[in-house]
Amino acid sequence: MKDLNHLQKEAQNAIQFTKTQHELNEVKALYLGKKSALNQIMATMKDLSIEDRKALGQEINQFKVQIEEWVAGQRDKLVERAIQSQLQAEAIDVTLPGKAITQGKLHILTRTQQEIEDIFVGMGYRVVEGPEVELDLYNFEMLNLPVGHPAREMQDSFYINPETLLRTHTSPVQVRTLLENKNEPIKIICPGKVYRRDDDDATHSHQFSQIEGLVVGPHITMSDLKGTLSTLSKKLFGPNREIRFRPSFFPFTEPSVEVDVSCFKCGGKGCNLCKQTGWIEILGAGMVHPNVLRMAGYDSDHLRGFAFGMGIERITLLKYGIDDIRHFYQNDIRFLKQL
Ligand code: DAH
């Protein structure tokens, strides 16, 4: 039978080499449990004299207290060690290079649209929108383009049924706004998508976007139109830009004009961008045809208006020197990143 001193040394050793709580519990059971050597010693007590029994009892108690103390100490150490190793495993290495988060941005067409909206909002315009599936009545008829009018040819469209189509321009929003405002003055722009049966090539697309403008009031004249578009061109293309009006035809305006801006690449001397003319066409405009006002219930003897319509793609192509309209729709990141 091992004596208690020997047993104590052995236990101390075993306890301090345990690596887990589980191991520690096993060691504790080994020295204090039912099957322990201690228990065997205790079983011999009944055969001892009273004095010896008392002395051994004290020794056993001390032994137990000592083992419990070491076990508790070791348990604290193991807990501390476990925390440390978990901390180490979860440590963040601040010297590792980070993952860059790439920031997206608005599409260039959206940015051009917003830039143009900002310019007009700064001049007191409201921004309104209309539906892309539109009535033939508003898209053509009430814009002075009755059924059979030859100008409809230029804007053949995608019909949903004989009365409904994908709008070919943003001009029907003029009609809708006139009908809503009942002979009251109007100052609006209308951005949005439009559709035409068309070739898809470097300068044409079956779907594109426009911004329409409409101003109606008692004293609106063509010089208001010119001043407005001159401000627009300078803000969009630079402070030295001039504009010029060329006579044109639109069924919903009379007189009608095409508006050119002096070439912002060569300053008007002539270059490949302006095809040596010094001028670049940017939009169509005119004084609202009295028929259009009248059909929408406006008093065309006392109210007049001007209107204009521009292609957002065209303005963007020109402004950034882009050579193919299809770049806008293909979402090629190499193109989009350049702008
Ligand atoms: N709606 C015309 C088109 O798509 C553009 C246009 C021209 C709009 C003259 C107007 C305007 O408001 O006055 O070709």
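The values are calculated or read from the model by the stated rules, or taken from the named source; none is laboratory data. Source: prediction; values computed, not measured. Virtual Cβ from ideal backbone geometry, glycine too; neighbours counted across all protein chains shown.
Computed quantities for the displayed model
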{"read-out": "Matching residues in the range 327-339 - criterion: being surrounded by 15 or more Cβ atoms within 10 Å (Cβ to Cβ) and within 17 Å of His206 (Cβ to Cβ)", "value": "His327, Phe328"}
{"read-out": "Looking only at the range 267-283, and only at residues there that are within 13 Å of the ligand (Cβ to nearest atom) and in contact (Cβ under 8 Å) with a residue 40 or more places away in the chain, the one that is surrounded by the most Cβ atoms within 10 Å (Cβ to Cβ)", "value": "Ile282"}
{"read-out": "Checklist (1) in a loop (DSSP other than H, G, I, E, B); (2) in contact with a strand residue (DSSP E or B) (Cβ under 7 Å, 6 or more places away or on another chain) applied to Glu134, failing item", "value": "(1)"}
{"read-out": "Enumeration of residues in the range 1-36 that are touching a residue at least 24 places away in the same chain (Cβ under 8 Å), over 14 Å from Phe63 (Cβ atoms) and of a type in the set (Lys, Arg)", "value": "Lys19"}
{"read-out": "Selected residue (criterion: nearest to the ligand (Cβ to nearest atom)) from residues of the range 252-266 that are at pLDDT 90 or above and farther than 15 Å from Arg314 by Cα", "value": "Thr253"}
{"read-out": "Cβ pairs under 6 Å, 6+ apart, first in the range 284-298 and within 8 Å of the ligand (Cβ to nearest atom), second β-branched (Val, Ile, Thr)", "value": "Ala285/Val257; Ala285/Val259; Gly286/Thr253; Gly286/Val257"}
{"read-out": "Flag if Leu179 is more than 13 Å from the ligand (Cβ to nearest atom), among the hydrophobic types (A, V, I, L, M, F, W, C), surrounded by fewer than 15 Cβ atoms within 10 Å (Cβ to Cβ) and modelled with pLDDT of 95 or more", "value": "yes"}
{"read-out": "Selection count where residues are within 13 Å of the ligand (Cβ to nearest atom) and without any contact (Cβ under 8 Å) to a residue 40 or more places away in the chain, scope the range 140-165", "value": "4"}
{"read-out": "Tally, over the range 242-293, of residues that are of a type in the set (Asp, Glu), within 27 Å of Pro150 (Cα to Cα) and out of contact with any Phe, Trp or Tyr (no Cβ under 7 Å at 6 or more places or on another chain)", "value": "3"}
{"read-out": "Residue within the range 56-78 that is touching a helix residue (DSSP H, G or I) at 6+ places or on another chain (Cβ under 8 Å) and among the aromatic types (Phe, Trp, Tyr) present", "value": "yes"}
{"read-out": "Residue count, the range 236-251 (criterion: more than 15 Å from the ligand (Cβ to nearest atom) and aromatic (Phe, Trp, Tyr))", "value": "1"}
{"read-out": "Selected residue (criterion: surrounded by the most Cβ atoms within 10 Å (Cβ to Cβ)) from residues of the range 1-48 that are of a type in the set (S, T, N, Q) and modelled with pLDDT under 90", "value": "Ser36"}
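Residues checked against (1) acidic (Asp, Glu); (2) within 12 Å of the ligand (Cβ to nearest atom); (3) under 23 Å from Pro172 (Cα atoms); (4) in a helix (DSSP H, G or I):
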| position | (1), (2), (3), (4) |
| --- | --- |
| Cys190 | no, yes, yes, no |
| Val194 | no, yes, yes, no |
| Asp198 | yes, yes, yes, no |
| Thr203 | no, no, no, no |
| Glu212 | yes, yes, yes, no |
| Val215 | no, yes, yes, no |
| Ile220 | no, no, yes, no |
